[in-house]
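Structure first, commentary second.
The values are calculated or read from the model by the stated rules, or taken from the named source; none is laboratory data. Note that the structure is a prediction, hence the values are computed from the model and not measured. Note that each Cβ is placed from the backbone with ideal geometry, even for glycine, and that neighbours are counted across all protein chains shown. Each accessible area value is taken on the protein alone, full model and side chains, heavy atoms only, with ligands, DNA and RNA left out. Shrake-Rupley method; radii C 1.70, N 1.55, O 1.52, S 1.80 Å.
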Amino acid sequence: MSHNAVSPAAPFQSFHRHGFARVGAATPAIVLADPQANAAAILELAVAASDKAADLLVFPELGLTGYSIDDLHLQDSLLDAAEHSLLWLARESAQLSPVLLVGVPLRRNNRVYNCAAVLSRGAILGVVPKSFLPNYREYYEKRWFAPGIGLSGLTIDLGGKDVPFGPDLLFAAQDLRDFVFHAEICEDFWAPNPPSTTAALAGALVLCNLSASNVTVGKSRERHLLAASQSMRCVAAYVYAAAGPGESTNDVAWDGQGMVHELGELLAESARFATSAQMVLTDVDLTRIRQERMRTGTFNDAATAAAHPEARFRRVEFSHQPDWSDRGLMRALRRFPYVPNSAKLLDEDCYEAFNIQVHGLIRRFEATPGDTMVLGISGGLDSTHALIVAAKACDVLGLPRRQILGFTMPGFATSDETRDNAWRLMRAVGVTADEIDIKPAARQMLADMGHPFANGQPVYDVTFENVQAGLRTDYLFRLANQRNGFVIGTGDLSEIALGWSTYGVGDHMSHYNVNPGVPKTLIQHLIRWCVATKQFDDATGEILTAILATEISPELVPADAEGKIQSTQDRIGPYELHDFFLYHIMRHGQSPAKVAYLALNAWQDAARGEWPPNFPEAARHSYTLPQIARWLEVFLFRFFQTSQFKRTAMPNGPKVSSGGALSPRGDWRAPSDAVANSWLVQLRAALKGELVED
């Protein structure tokens, strides 16, 4: 197969089909200076990993002999046994799925090298010698080993076969796209310019470290810092396996730390200080890594600055034969990509997001002629949040909140609940509050247009809705003219993505919008955070909490005969799904089929996985694949085909989340006349035969 191939028999729920590779770190309990016993222990873990459809398993440095055997590394008998055990391990693992990275001392040209041997399907694909040999404090590696620095284009004889040898090796699967990896060894990781940096620039997406780092107080934090930063800086996954039980404790100790990072995030970590063998597996997103590199020009510039390392690396290609069956997804997924599951991180994110909005507004207010801020207050989430942002901006500036002019503008479908909430909120916050009933002006406009509603007919079409939405914004702009102020917009990132706004002189437009970088799913947490951290007094906190429980509705169409009000999410779909789609498509460029797969794994079981702190039990929903596919089609059509013209003309407002924003002057630039066919066709083809309604 080619690198781009997917098995035609692969089911939709195969993790390999969607660009994942299952990788892991393993720490066997070793026997010092007994390569055959250690090879058997390695094989046992490899079999367990193969049973779980693993693709790559990294073992500790010098794991075939033990790292801490000192001068025994120079004994021919031991080196012979290590080589024989390596060849045995290659043969015995021929039917196993994972590529094995095994630490072994090997002789070449009258030198001994500290090596990573790469084994796959019975073959030794290559051998990577350690580049940097520590020779300070407790380390003395230059006594035994030669460095691999500068070696290129070489081979080593193993079992009568010439095997690629050198730090200039990349390993690339022919039949699993983007599965390209590199190996470095322990101290290489601590160097100012690790070999893995150059390897990443040459094309490796998964960076592996076979380590025998002994443990001292704080060493684990150091490893985490290095692995996280290397995976982020190199736009890669980083797999790290450290030596553990069985190593000599003559003068040092070992903790067997194994971990996998992806783009700076810890995906999985083994138990430390175990007395038996440990293994940790997780699924790394190769497509996400590749997409991130495509988006990061600095990464490509660095390759140019390094004189294009891909021209100097040898690419060892191999037939990986991945397991295309449905083996589940071994990776935690956030249902709310914009909202952390950790209470500490959520508090930090809310603090930053709120202050980004507040200080963005402060700067714009200082730069704009006028002395008032004008807002329309509906009693819904977005205008509520915009109002408290404006109130906090006044507090920081030392201005009275009465310089905020808040207007509630009831229309034909405004409920008593939201109108009362708007008034209660404005009074609690202490702004200058007023009300303008837009119904008379709306009736006049509809009559002038000859709309059937003017003759008493219950016609609630888009014209009926937009007459009201447009009048509200028109009033706000004229009030700003009259009262020396500017209009603060309230539309959030989720609405902007879906084009859920009335274009031009409607809720689409303002002088400055404080919410365009905040998705609907985060706004709720921001308001809760303001209440919990006492940003405002208790009376304000009480009304903010009440507003959080209000149904999301534009309130432009009267309730039906059964009293059911117009529901935004009934019409365009759940915002929690749309925010999930937006993050993975806009931020990471994932295909619709991949996004559907991720959404299914995140949302199919409400009892599985984490929820954000204090998330209401009653709001913990689940979704089936047909439901996900239905709303994903809505998202794709609205996002790619019908809404860009609104985004192209959107007002200024601050980017808030690293998940991206949709300003045409920032994260997202696209034509207003594109079509969504490519995305819809890809989704439908991928889901053919999968959508059996419940």
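Summary table below
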read-out	value
Other-chain or far-sequence residues with amide H under 5 Å of ALA268's (modelled H)	VAL260
Per residue accessible area in Å² of the chain, where ligands, DNA and RNA are left out and the probe is 1.4 Å	40
Fraction of alpha-carbon pairs over 20 Å apart in segment 609-681 - percent	53
For segment 417-542, convex hull of alpha carbons as volume per residue, Å³	140
Helical contribution to [θ] at 222 nm, DSSP H n ≥ 4, -39,500 (n - 2.57), averaged over the chain, rounded to 500	-11000 deg cm²/dmol
Long-range amide H partners of GLY489 with built H, under 5 Å	HIS511, TYR512, ASN513, VAL514
Extension reserve of the ARG121-ARG363 stretch, reckoned as 0.36 nm per residue once the Cα distance is removed	81.0 nm
Entries of LYS594/LYS688; LYS52/LYS161; LYS520/LYS655; LYS594/LYS646 with Cα pairs more than 20 Å apart	LYS52/LYS161; LYS594/LYS646
Percentage of interatomic Cα-Cα distances in segment 164-247 larger than 23 Å	23
Rg(Cα) / (2.2 N^0.38 Å) computed for segment 99-153, rounded to two decimals	1.22
Chain lengthening between LEU345 and SER229 when straightened (0.36 nm per residue, less Cα-Cα)	39.9 nm
Estimated inter-spin distance, GLU617 and GLU222, nm [label 7 Å along Cα→Cβ]	4.8
Dimensionless Rg/Rh of segment 197-239 - Kirkwood Rh, Rg from C-alpha atoms	1.03
Antiparallel bridge percentage (DSSP; both residues within the chain; nearest 5)	55
Chain lengthening between TYR503 and GLN569 when straightened (0.36 nm per residue, less Cα-Cα)	21.8 nm
Where Rh is the Kirkwood radius over Cα pairs, Rg/Rh for segment 571-694	0.98
Portion, in percent, of the accessible area of the chain that falls on carbon or sulfur, probe 1.4 Å	50
Share of pairwise Cα separations in segment 1-137, more than 26 Å, in percent	29
Spacing of the two label points (7 Å from each Cα toward its C-beta) at LEU32 and GLU44, in nm	2.0
Per-residue SASA entry for TRP500, accessible area with 1.4 Å probe, Å² rounded to 10	40
Computed magnitude of the charge dipole of the chain (debye, nearest 20; Cβ of K, R +1, Cβ of D, E -1)	1280
For segment 41-95, size of Cβ-based charge dipole, Lys and Arg +1, Asp and Glu -1, in debye	260
GLN13 long-range amide H proximity, modeled H, under 5 Å	none
Cα pair distances in segment 409-462, grouped into 10 Å bins until the bin that holds the longest one, percent each	21, 40, 24, 14, 1
Angstrom value of the Kirkwood radius, inverse mean 1/r, which spans all Cα pairs in segment 105-232	15.5
Modelled FRET efficiency - R0 22 Å, GLN682 with THR642, Cβ distances, 0.05 increments	0.75
